[in-house]
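Just below is one structure, and these are the notes that go with it.
What follows draws every value from the coordinates through simple rules; no lab data is involved. Values in this document were obtained by computation on a predicted structure and should not be read as measured data.
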Amino acid sequence: MSLGYGATKLIGQYPEGGKTSKEMSFFVVDNNDTGTLLEDLKKLGEVFQQDSILFIPKGTVDKKDKAFLIGTNKCSNNFLSYGQIMPFEGGKFGKTSKIYTSYVNGRPFIFEEVDETVLLPASGMGIWAMHETAKKDWTEL
């Protein structure tokens, strides 16, 4: 708050050791568009020994941008290593995930992992080859 950001408390839920664990988290907004939110969140993630932070740029919910998880802890057994980045697709409200679900006022929302971005072919021959490949049984590829 002293940095000029708005914060909303939320609850995160995730599997750990065969049971469901919960943690308090914060959804932080750069109310004044200072442009320093990402760097500040990475620093705060380190200071408060968080495994990672999820950064959600403007437009992510509308799928105009991607959110990304950033490792902020140097412990050896973390899911993400320090500084490692994992992209996520736009948010889905009212949905839950087996991996991690956030709740604001009891309502769930998630971000889904982006496995790989596949670009369409840029030429007629490329489109033809894609079409022919799609006709084959996947075990023949």
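Result for the chain in a Gaussian network model with C-alpha springs under 10 Å: among PHE26, PHE68, PHE48, the largest mean-square fluctuation is at PHE48. Axis of helix 37-47 versus longest Cα principal axis of the chain: the two differ by about 60°, to the nearest ten degrees.
For the range 6-140, the share of alpha carbon pairs falling in successive 10 Å distance bins from zero is 10, 33, 30, 14, 12, 1 percent. Please identify, among GLU23, GLU46, GLU89, the residue showing maximal mean-square fluctuation in a Gaussian network model of the chain using a 10 angstrom Cα cutoff. Most flexible of the set in this elastic network: GLU23. Counting only alpha carbon atoms, the long axis of helix 124-135 and the longest principal axis of the chain meet at about 90°. Sequence-distant contacts, meaning Cα pairs under 8 Å at least 6 residues apart, place the relative contact order of the range 6-140 at 18 percent.
In the elastic network of the chain, a GNM with C-alpha springs shorter than 10 Å, the most mobile of LYS22, LYS74, LYS98 is LYS98. Here's the list of lysines a cross-link from LYS22 could span, going by alpha-carbon distance under 28 Å and ignoring same-chain residues fewer than 8 apart: LYS9, LYS42, LYS43, LYS58, LYS63, LYS66, LYS74, LYS92, LYS95, LYS98. Estimated purely from DSSP H runs of n ≥ 4, each contributing -39500 (n - 2.57), the mean residue ellipticity at 222 nm for the chain is -5000 deg cm²/dmol once divided by its residues.
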